[in-house]
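Note sheet for the following structure.
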């Protein structure tokens, strides 16, 4: 442990004037000074360690808290909370170049842009049970939300088809917004329709073991909330 001469002088004066006025042995004074400085340094190190741990906890807590904020899209847990919450992200632009936030491997990299323009600002997927009734999701502006079940899509044989029914939730008495509905197959996105109405349904037909990953893309200026229901049926021959 390094000890400065100035510390020796300061502490020796303090010992002689406040603590022990009867010491006349230089060696004893030296020992007491060393012990006092070391004790103070240990306390200082302890306080610094406590402060460092506190800082780490504070930063970690902030990270945990940040993760409780809304993603650009996902499942709706409580509608009343969603109406009060806002997503906490800013536009990542540099010289007017949009950086895509990609949280999926279901899309091929060469499909992320069309004519040099990103197909979406945020692209992410959520885990879902395709055939559970009346599921509810929220999608922020510029976000493409892809549905998957344990990494798998909807498999359809030649004689099968699925109906995707969608209804927009009317939030704060806002009118219906515009979104795109489509699917991903073999890493490529295929647009089915642009929807502006409050309720909509679309059919996807099967083929030779075709696998579909349905998606919803918000192309309006505000957040949208969608109730969707997927039903698989056999096609009539």
It is to be established whether one or more residues within the stretch 107-124 are assigned by TED's automatic domain parsing to the domain that holds residue 224, in a loop (DSSP other than H, G, I, E, B), out of contact with any strand residue (DSSP E or B) (no Cβ under 8 Å at 6 or more places or on another chain) and at pLDDT below 95. yes
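To keep it simple, each residue is scored yes or no on (1) at pLDDT below 95; (2) more than 14 Å from residue 218 (Cα to Cα); (3) assigned to a strand (DSSP E or B).
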site	(1), (2), (3)
126	yes, yes, yes
132	yes, yes, no
137	yes, no, yes
141	yes, no, no
147	no, yes, yes
161	yes, yes, yes
171	yes, yes, no
184	no, yes, yes
189	no, yes, yes
Can you tell me which residues in the stretch 207-233 are outside any strand (DSSP E or B) and closer than 27 Å to residue 113 by Cα? 219, 220, 221, 222, 223
Go through the stretch 205-220 and report how many residues are under 21 Å from the mean Cα position of the chain (by Cα) and either surrounded by fewer than 21 Cβ atoms within 10 Å (Cβ to Cβ) or not assigned by TED's automatic domain parsing to the domain that holds residue 194 (or both). 1
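Hey, among 153, 182, 142, 187, which residue is touching a residue at least 60 places away in the same chain (Cβ under 8 Å), within 15 Å of residue 106 (Cα to Cα) and surrounded by 14 or more Cβ atoms within 10 Å (Cβ to Cβ)? Walk me through how you get there before you give the answer.
Numbers: 182 fails: touching a residue at least 60 places away in the same chain (Cβ under 8 Å); 142 fails: within 15 Å of residue 106 (Cα to Cα); 187 fails: surrounded by 14 or more Cβ atoms within 10 Å (Cβ to Cβ).
Of 153, 182, 142, 187, the one residue that is touching a residue at least 60 places away in the same chain (Cβ under 8 Å), within 15 Å of residue 106 (Cα to Cα) and surrounded by 14 or more Cβ atoms within 10 Å (Cβ to Cβ) is 153.
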What number of residues within the stretch 121-139 are closer than 17 Å to residue 168 by Cα and surrounded by 23 or more Cβ atoms within 10 Å (Cβ to Cβ)? 2
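The values are calculated or read from the model by the stated rules, or taken from the named source; none is laboratory data. Computed from a prediction, not measured in an experiment: that's the story for all the values here. Don't worry about glycine lacking a Cβ; one is built from the backbone with ideal geometry, like all the others, and counts go over all protein chains shown.
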